[in-house]
Amino acid sequence: MTFNEPRVVSTLGFDNGINSPNRCSKQFGNCTDGNSTTETYIAAHHLILNHAEAVKTYRMDDLGNLKFPKSLYDINRVNFYRSYLKELKRAMDDGANVTIYLLGQF
């Protein structure tokens with residue numbers, strides 16, 4: 001099973017407790033249990049792992065080779081991400097701390 005908007009699921013369920021399972025730290029919402037500092041990222045981590053497994057299942061053939069239909073190959077998206085990652089690597093090589101930036105993007 002894949003998930004739509006894992007950031008929203010983890011944030012609204014584990015950071016401010018608006019959605020199920022309604023877990024958050026007291027200062028972030030009206031919750032009885034939870035830790036907004038860690039549980040949000042733990043939930044997001046597992047959502048992403050779950051999604052990766054689903055993608056692997058649908059994209060691998062019986063021999064474990066990646067199968068990717070040509071109809072889904074979007075050269076514009078590939079070039080966008082290639083350019084983005086190239087600039088991100090350049091920033092990291094220049095000493096920029098991108099950890100918080102990447103977590104914020106999630």
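The values are calculated or read from the model by the stated rules, or taken from the named source; none is laboratory data. Keep in mind it's a predicted model, so treat the numbers as computed, not measured. Glycine gets a Cβ as well: all are built from the backbone with ideal geometry, and neighbour counts include every protein chain shown.
Brief remarks follow.
- For Tyr41: the one exception among (1) at pLDDT 80 or above; (2) surrounded by 13 or more Cβ atoms within 10 Å (Cβ to Cβ); (3) not in a helix (DSSP H, G or I): (3)
- Positions within region 3-16 being at pLDDT 85 or above and either assigned to a loop (DSSP other than H, G, I, E, B) or of a type in the set (Gly, Ala, Ser) (or both), in sequence order: Ser10, Gly13
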